[in-house]
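The values are calculated or read from the model by the stated rules, or taken from the named source; none is laboratory data. Not measured: the values here are computed from a predicted model. Positions of Cβ are backbone-derived with ideal geometry, glycine not excepted, and every protein chain shown enters the neighbour counts.
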Amino acid sequence: MTATVSISSIEKSFGAARMLKGVSVDVAAGEFLTLVGPSGCGKSTLLRILAGLIPQDGGSIHIDGAAVDHLPPRARDVAMVFQSYALYPHMSVHDNIATPLKARRLNSLARLPVLGSLMPGQKTVRAGIDAAVKQVAAQVEIEALLDRRPAQLSGGQRQRVALARAMVRQPRVFLMDEPLSNLDARLRVHMRGELSELHRRLGATFIYVTHDQVEAMTMSSRVALMMDGEIVQVAPPAEIYSNPSDVRVARFIGSPEINLLPGRADPRGYVTLAGRATPLRVGMTGGLTIGLRPETLAIGDGSSDIVVDGRLQRIERLGHDVLLHMRHAGDDQRSFTARVSAMDFDALRMAGRLEASLMFGARATAALMFGADGKRLMPLRDEPSAGNVTYTSSRALMGA
């Protein structure tokens, strides 16, 4: 069972602090949408509003086209997985998973341990609950743990119990609030694969909250980046990385962080970087920012479209890759990072070049251009005879 979700102009304030500022996004049925952003940007608040745990101050939420703003949490047919797992410590794994079914299928008397089992018709109902629990436990591979209590489980096992408790309800929408943040690095990698496979198998609608860009990029159908109570950009992972709408998106997505270097456009729009000419051209004059991701920089000889040089500050070995943290020669207050292969780094070291100034080059097509307001400067086709890449503001493209 799956559903569409429409979030329209959601507003929320806590006292004088405006947490959500007219947030809107549509989620397709069966989609895996991740809300990602720094702590305090409002993503968990939005998820709790979706679940009905807190009310919004304005805007509306529709699930499968029907408004749910007036409905309590249990009537919205959504299931939430919390960061803390929220398992009952005195209950077995079986009973933790069965809790939502017991609340839905059994009245208050039928839930009593002894009296409930003696009530007419309850044996069949309880057998159905037991069968559902065992089925979902098998799906997340914890059927051997049903008799244990949460204190006897590892972090990854507790996470699976929390997922199973959400799954057993067969909700229309799964809401997940940083469910992997309490796990160690190795287990997080494993559970990312588990969640992706679970989504593929269930075909359900997932709305997932995280501050970890790796989780967002590896699991999602689309990523919604939130900043300061607003959704800045919604796009598939590959697009949000290669085509960020503004400098905030470019800085948040990508590890190591994108290099942002000051450029300048002359009266004809031709761009220079640290006094060096580039084949870039923009529809403006004055200062701008050139973004170059570390992996786009290669050790060069000055013949590349874009040239950046500097002196080595420190290195980080990542096994097959090495990060070179450089002090920019054109502006000693700025630094940049290049990702090179271990083989190239060893060649530099053996040649004794690490103490000297190093030159890096990048193609013009690798450059991301941003105006003074932080908005992306989008590329346009240049005149065939010009031989240059022309850029203009995204606002100009829309006729603004």
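Okay, residues lined up against (1) assigned to a helix (DSSP H, G or I); (2) more than 17 Å from M219 (Cα to Cα):
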residue: A162; (1), (2): yes, yes
residue: P171; (1), (2): no, yes
residue: M176; (1), (2): no, no
residue: R186; (1), (2): yes, no
residue: M191; (1), (2): yes, no
residue: S196; (1), (2): yes, no
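Within the range 232-335, considering only strands (runs of 3 or more DSSP E) that don't extend past its boundaries, which have at least 2 residues that are within 28 Å of the chain's Cα centre (by Cα)?
It comes to 259-265, 286-292, 306-317, 321-328.
Just one of (1) at pLDDT below 95; (2) surrounded by 13 or more Cβ atoms within 10 Å (Cβ to Cβ) trips up R314, so point out which.
(2)
Only one residue in L280, L273, L292 is modelled with pLDDT under 95, closer than 20 Å to Q333 by Cβ and buried (at least 20 other Cβ atoms within 10 Å of the Cβ), so which one is that?
On inspection, the qualifying residue turns out to be L273.
I'd like the full set of residues that are in a loop (DSSP other than H, G, I, E, B), without any contact (Cβ under 8 Å) to a residue 60 or more places away in the chain and over 21 Å from E197 (Cα atoms), limited to the range 141-153.
Correct list: L146, D147, R148.
I'd like the full set of residues that are of a type in the set (S, T, Y), in contact with a helix residue (DSSP H, G or I) (Cβ under 8 Å, 6 or more places away or on another chain) and either surrounded by fewer than 18 Cβ atoms within 10 Å (Cβ to Cβ) or in a strand (DSSP E or B) (or both), limited to the range 198-231.
Residues satisfying the conditions are Y208, T210, T218.
Report whether or not L377 is assigned by TED's automatic domain parsing to the domain that holds G319, at pLDDT 55 or above and not in a helix (DSSP H, G or I).
The answer is yes for L377.
Any chance the range 36-43 includes a residue that's in contact with an Asp or Glu (Cβ under 7 Å, 6 or more places away or on another chain), under 22 Å from A235 (Cβ atoms), modelled with pLDDT of 95 or more and in a strand (DSSP E or B)?
No, the range 36-43 contains no residue that is in contact with an Asp or Glu (Cβ under 7 Å, 6 or more places away or on another chain), under 22 Å from A235 (Cβ atoms), modelled with pLDDT of 95 or more and in a strand (DSSP E or B).
For a quick check of your reading of the model, give me the residue pairs whose first member lies in the range 66-82 and is at negative phi, whose second is among the polar types (S, T, N, Q) and surrounded by 12 or more Cβ atoms within 10 Å (Cβ to Cβ), with beta-carbon atoms closer than 7 Å and at least 6 apart or on different chains.
A67/S60; D69/S60
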